[in-house]
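Novice: Take a look at the following structure, please.
Quick note: the coordinates plus some simple rules give every number you see, no bench work behind them. Since the structure is predicted, the reported quantities are computational estimates derived from the model, not experimental observations. Because the Cβ atoms are built from the backbone with ideal geometry, glycine has one as well, and the counts that use them run over all protein chains shown.
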Amino acid sequence: MTQLKSESTASVEFQVKWSSEHAAHEENFYVDRVHFWRDILPDKLKKALLESPPGEWASAELRPGEGVEALSSARLKELKPAQVNEKALGRPVHGGRFYPRGILKDVGGVFPQNRAPFRIQSINENKLIADFNHPLAGKDLSLKARIAGGISNKEERGGSCLAVEDILGVGPGMQVRANGCATDFFYPGAFNREDEAADAVFYDQPRMVNHIDSQAMEVVSGLYGRLLKDGMDVLDLMASWNSHIPAELNLKSVHGLGMNQEELESNRRLNGFTVQDLNENPRLPFDDNSFDAIICTVSVEYLTKPVEVFKEAARVLRPGGVFALTFSNRWFPPKAIDVWKEAHDFERMGLVLEYFLQSEAFKDLQTYSMQGLPRPDDDKYADQLYCSDPVYGVWGQKA
């Protein structure tokens, strides 16, 4: 195997763990062609990576201000609500949410084309507090990295420079509340949909298709493999023809609840199934304490009564049972709720966290993200998109 040197390039998988008031968080990033001479990584982490065999994790603890810019009160701006160009945005703004800076008027250093996010910490009819800090500013970050392959010692100079803040990108940190206050996701019309016709009509015809690429499906399956154990009774909520459960798991039972009978009949993982529209009737047709775990894959964005469903999930879970939801950035637009389509990817994790918190029935909440993995060569979008579909997960245990 090629020896990694200080001038090498290699594909690197990064993992960042951090915590907030209500949850623990894990962000994963696959970065192709990290350059160890040019790119700016913490010295301790770079040294450990250069000395470690490929595949072995190296780690570094980053204090506030080391991974991303330090938290600064100078980046909090008091504005007037009239300085928000809601017409350009196309919708009203809400407290706790993130928006592109370009919608702000008469703010120094901000121009209409600026897509960098800012957060509305609070807003009333007279005053708006805009937060320009990085969403992870002020957080302790636990950073890990390992060589994932693609080592090259070909000499290379010049080019762009990558730093930890670039790896974190735009998104991590957006999934938590601002100052502990509930994010305003539940505004009038938030759960409206483009197609308000009966869901039974839309889902009448089976769709035997994969909604995410095969690499993303492996990530989802791996995450469920972390959370599910042999001998469990599992409910696959909003199920289809594939449950994404690892084949090696020896579960006691898997029951599917979904919208299309033909899809459910084609799911070989299921021991039984129920056809039910949760938007019409969120009451789950199971006794209390029936399941050890509930999974919901790429479907939470269609729920119009999510808090009721989350309360029901807690009711049918056994004590300590886990409710895990995974999703990506692909969905059926006519049936996805409006607030989902308006939100940033990481805000969507915040929305699902808010469902958990509003239900008041879960503890030990966690979020998960995976971005940047190469898209499989045989994927139909491989010639258009380099990266695999991102995967996001949120889960908690019955309190």
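Novice: How much of the DSSP bridge set in the chain is antiparallel, in percent, rounded to the nearest 5?
Specialist: In the chain, DSSP labels about 65 percent of beta bridges as antiparallel.
Novice: Can you classify the range 199-398 as rounded, prolate or oblate using the Cα gyration tensor, where a ≥ b ≥ c are the square roots of its eigenvalues, rounded means a/c under 1.5, and otherwise it's prolate if a/b beats b/c and oblate if not?
Specialist: Working: a/c = 1.30, a/b = 1.26, b/c = 1.03.
Rounded, since a/c falls under 1.5.
Novice: If you don't mind, there's one more thing I want to ask. When Lys and Arg each count +1 and Asp and Glu each count -1, what net charge do the other residues less than 14 Å away from Ile147, Cβ to Cβ, add up to?
Specialist: Around Ile147, the surrounding residues sum to +1.
Novice: Let me ask another. Restricting to the range 199-398, compute how many DSSP beta bridges are antiparallel as a %, nearest 5. All intermediate terms of the calculation are to be shown ahead of the outcome.
Specialist: Working: 14 of 34 bridges.
Here the share of antiparallel DSSP bridges comes out near 40 percent.
Novice: Along the charge dipole of the chain, which of Ala324, Pro282, Gln261 sits closest to the positive end, that is, farthest toward it, with unit charges on the beta carbon of Lys, Arg, Asp and Glu (+1, +1, -1, -1)?
Specialist: After comparing all options, I get Ala324.
Novice: Hey, another quick one. Mind telling me which of Pro285, Pro306, Pro117 comes out most flexible in a GNM of the chain, alpha-carbon contacts under 10 Å?
Specialist: Evaluated over the chain, the most mobile residue of the options is Pro285.
Novice: State the Cα centre-to-centre distance between the range 18-50 and the range 334-391 in whole Å.
Specialist: 21
Novice: Please compute the contact order of the range 32-132 in relative form: average sequence separation of alpha-carbon pairs under 8 Å and at least six residues apart, divided by the residue count, as a percent.
Specialist: Once normalised by length, the contact order is 23 percent.
Novice: Taking 0.36 nm per residue of separation and subtracting the Cα-Cα distance, what length does fully extending Lys154 through Lys127 add?
Specialist: Extra length from Lys154 to Lys127 when fully extended: 4.2 nm.
Novice: Between Glu360 and Lys305, what FRET efficiency comes out of the Förster formula 1/(1 + (r/R0)^6) with R0 = 22 Å and r the beta carbon distance, rounded to 0.05?
Specialist: Working: r = 16 Å, r/R0 = 0.72.
Efficiency, from the Cβ-Cβ distance: 0.85.
Novice: Any idea how far apart Asn210 and Ala74 come out in nm if each label point goes 7 Å out from Cα toward Cβ?
Specialist: The two pseudo-label positions are separated by 5.0 nm.
Novice: Between rounded, prolate and oblate, where does the range 6-70 land on the alpha carbon gyration tensor, with a ≥ b ≥ c its root eigenvalues, rounded for a/c under 1.5, else prolate if a/b exceeds b/c? Before the final figure, lay out each step's value.
Specialist: Working: a/c = 2.09, a/b = 1.69, b/c = 1.24.
The shape class here is prolate.
Novice: For the chain, what Kirkwood radius comes out of the mean inverse Cα-Cα distance, in Å? List each step's numbers first, then the result.
Specialist: Numbers: mean 1/r = 0.0439 Å⁻¹.
Averaging 1/r across every pair of different Cα atoms and inverting gives 22.8 Å.
Novice: What is the calculated FRET efficiency for Cys181 to Glu56, with r their C-beta to C-beta distance and R₀ = 45 Å, to the nearest 0.05?
Specialist: Working from the Cβ atoms, E equals 0.60.
Novice: Once you list every other residue whose beta carbon is under 12 Å from the beta carbon of Lys341, what net charge do they have if Lys and Arg are +1 and Asp and Glu are -1?
Specialist: The answer is -1.
Novice: Report the trypsin sites (Lys or Arg not before Pro) located in the range 83-138 that are in a DSSP loop and have at most 12 other Cβ atoms inside 10 Å of their Cβ, or state none.
Specialist: Arg115, Lys127
Novice: Can I ask one more? Can you pull a Stokes-Einstein diffusion coefficient for the range 73-131 at 25 °C (0.890 mPa s), Rh from Kirkwood over Cα pairs, as a whole number of µm²/s?
Specialist: Calculated translational D: 217 µm²/s.
Novice: Mean residue ellipticity at 222 nm from the helices of the chain, using -39,500 (n - 2.57) per DSSP H segment of n ≥ 4 over the full residue count, to the nearest 500 deg cm²/dmol?
Specialist: Helices in the chain give a 222 nm mean residue ellipticity of -5000 deg cm²/dmol.
Novice: Which value in nm describes the separation of the simple spin-label points at Gln83 and Arg283, placed 7 Å from the Cα toward the beta carbon?
Specialist: 5.1
Novice: Related question: So, in nm, how far is label Arg315 from label Tyr386 when the simple model puts each one 7 Å beyond its Cα toward the Cβ?
Specialist: Spacing of the two 7 Å Cα→Cβ label points: 5.0 nm.
Novice: Could you work out the longest stretch of the chain that avoids the GluC sites (Glu not before Pro) located in DSSP loops with at most 13 other Cβ atoms within 10 Å?
Specialist: 281-359
Novice: Applying 1/(1 + (r/R0)^6) with R0 = 35 Å to the Cβ-Cβ distance of Glu248 and Asp140, what FRET efficiency is obtained, to the nearest 0.05? Intermediate values should be presented prior to the final figure.
Specialist: On the way: r = 36 Å, r/R0 = 1.02.
Calculated transfer efficiency: 0.50.
Novice: Find the relative contact order for the chain and round it to a whole percent, using C-alpha pairs within less than 8 Å whose residues are 6+ positions apart.
Specialist: Numbers: 814 pairs, mean separation 70.7, N = 399.
For the chain, the relative contact order is 18 percent.
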